[in-house]
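J.: So that we are looking at the same thing, I have put the structure below in structure tokens.
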Amino acid sequence: MRKVAAHWVNTPSATYRQAVVVLDDGVVVDVFPFTEELPSTEWLGGTIIVRADDNGILRAYHQEMKL
């Protein structure tokens with residue numbers, strides 16, 4: 001599992017201010033507000049965009065690069 005955080009996270013259903021995206025092998029498995037320091041969380045800053053790929057699987061992008 002990989003945890004990444006950013007100032008903004010845009011998902012198909014909501015926009016979060018300061019949030020964490022949890023990835024499992026490149027697939028978004030959770031998104032939640034950043035309320036406390038979490039071990040092994042990468043801070044990327046800026047905006048993470050979560051969108052479905054051609055197969056309907058949620059993927060996360062930061063500066064147009066897939067995470």
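J.: Return one whole number: the accessible area per residue of the chain in Å², for a 1.4 Å probe.
T.: Dividing the accessible area of the chain by its residue count gives 65 Å².
J.: In nm, give the distance between the simple-model label positions of residue 14 and residue 36, each being 7 Å from the Cα along the Cα-to-Cβ direction.
T.: Simple spin-label model gives 1.9 nm for this pair.
J.: Give the value in nm², to one decimal: projected area of the alpha carbon convex hull of the chain, averaged over all directions.
T.: Working: hull surface 16.6 nm².
Averaged projected hull area, Cα only: 4.2 nm².
J.: Just to be sure I understand the model, the point goes 7 Å from the Cα along the line to the Cβ. What's the resulting residue 47 to residue 29 distance in nm?
T.: The two pseudo-label positions are separated by 2.8 nm.
J.: Quantify, in whole percent, the carbon and sulfur part of the accessible surface of the chain (1.4 Å probe; protein heavy atoms only).
T.: Carbon with sulfur: 49 percent of the solvent-accessible area.
J.: Averaging sequence separations of C-alpha pairs under 8 Å and six or more residues apart, then dividing by the length of the chain, give the relative contact order as a whole percent. Please list the in-between numbers first.
T.: Numbers: 140 pairs, mean separation 21.6, N = 67.
Once normalised by length, the contact order is 32 percent.
J.: Can you give the accessible area of residue 61 in Å² (nearest 10), computed on protein heavy atoms with a 1.4 Å probe?
T.: Ignoring ligands and nucleic acids, residue 61 comes out at about 40 Å².
The values are calculated or read from the model by the stated rules, or taken from the named source; none is laboratory data. What you are looking at is a predicted structure, and each value in this text was computed from that prediction instead of being measured. Here Cβ is always computed from backbone atoms with ideal geometry, including for glycine, and neighbour counts include all displayed protein chains. Just so you know, the surface numbers come from the protein's heavy atoms only, side chains and all, with ligands and any DNA or RNA stripped out. Shrake-Rupley method; radii C 1.70, N 1.55, O 1.52, S 1.80 Å.
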